[in-house]
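Okay, so here's the structure we're looking at.
Derivation of every value follows stated rules applied to the coordinates shown; laboratory data play no part. Computed from a prediction, not measured in an experiment: that's the story for all the values here. Here the Cβ positions follow ideal geometry from the backbone for every residue, glycine too, while neighbour counts run over all protein chains shown.
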Amino acid sequence: MKKLLFILSLVFILFFSLFLTGQANVDIYFLDVGQGDASLIISSTGEVVLIDSGPNTGLILNHLESLNINHIDLIIASHAHADHITGMDQIIEKYNPRAFMDPGIPHTTRTYERMVDAIQTNNVKYYEGTSRRLSLGPMRFTILPPAHPLISVSELNNNSTVVRLDYQDFSCLFTGDIEGERERNLYSKTADFLDVNILKIPHHGSSSSSTKIFIKAVNPEIGIISCGEDNSYGHPHVETLALLQEFGIDTYRTDKNGTILIQTDGKKYSIQTEKYAPRAPPIITEEKPTKTEEPAQKKTPTYNYAASRNSNVFHYIWCHYVNRIKSSNLILFTTREQAIASGRRPCKVCSP
């Protein structure tokens, strides 16, 4: 009997060890592609997703080759600007992805036309970036709803496909080049889906993005800025860096840190930064618990109005005056009645 129990114990230990080693991990590479965006997501169970390809064909192909990529399950082009889709045609030709997704807003450039031709020639299944959820292995991707009607201001940027990745307790938001108008739209429509561990900072850290109300709603622990060294746009702008610092968000930049790798087992995540070479020894390594290891948070309310503690005026959350309010003084209201009950009067500019 004792011998039988001993054998059963060994079987249990072996099974449990196999179970532990079989747990999937997810790697997210924010690739250093210069002044552009490219993110590669790899699951240890074999699924591969590419979000954008940056501005340089040779550079993105070298990154994929150095990481031993031999297939891609899904490609997402956040929008049609060349700094996000250059080389897409050659990537599609080489890797023949199972599916391709973009916002469905065409552009007139040859770079865009070559991408569309490659999708058609290779019979790649196409999805428009409308509100939907996709599961790939252990990963769940939520495509946040586009603005309706589409935003006409800075149309391609503001209507970027916005993607949330969830793996167990870990979450990351990919925002393309959305600007303030789309951020406020997302806040009003999907506030409950914005709170994540990692935020790919919109539009390379431009001051036209990263509005205070959006950053507060996303509440990330880590912000990733993808931009080129000494780029002509001045990205990231000092206003954005100051806001991220004000909210206590640890910020990594591809122009300073090179390719940035985030690895997660769904419970904790680690950050490695590697200058110019994905397989170089890490410059920085940091490990953090995911948010759900903290006490469960209540459902995020939808705030429509804002005010400063030092002012007797309240505003719509999208009013440009709100961005001037320090986060420590920012007060939010869900209803107009709450704002008025606080003893404040409506702003004469936005007329809430």
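Here are some notes:
- Estimated from the Cβ-Cβ distance and a Förster radius of 51 angstrom, the FRET efficiency linking residue 341 and residue 108 is about 0.50.
- The value of relative contact order for the chain, using C-alpha pairs under 8 Å at least six residues apart, is 13 percent.
- Placing R0 at 35 angstrom, the Cβ-Cβ distance between residue 99 and residue 221 gives a FRET efficiency of 0.70 after rounding to 0.05.
- With bins 5 Å wide beginning at 0, the percent of Cα pairs of the stretch 30-145 falling in each bin runs 2, 12, 24, 26, 21, 12, 2, 0.
- Within the listed set 190, 175, 273, the residue fluctuating most in the Gaussian network model of the chain (springs between alpha-carbon atoms under 10 angstrom) is 190.
- Membrane-span-like helices in the chain, defined purely by DSSP H runs whose alpha carbon atoms cover 18 Å or more axially and whose average Kyte-Doolittle hydropathy reaches 0.5, are 2-21.
- Environment charge at residue 142 (Cβ cut-off 9 Å; Lys +1, Arg +1, Asp -1, Glu -1): +3
- The stretch 305-346 - percent relative contact order, Cα under 8 Å, separation 6 or more: 49 percent
- Prolate/oblate/rounded call for the stretch 31-79, Cα gyration tensor, a/c under 1.5 rounded: oblate
- Förster radius 30 Å - calculated FRET efficiency between residue 311 and residue 230 (Cβ-Cβ, nearest 0.05): 0.15
- Directionally averaged shadow of the chain, computed from the convex hull of its alpha-carbon atoms, nm²: 22.0 nm²
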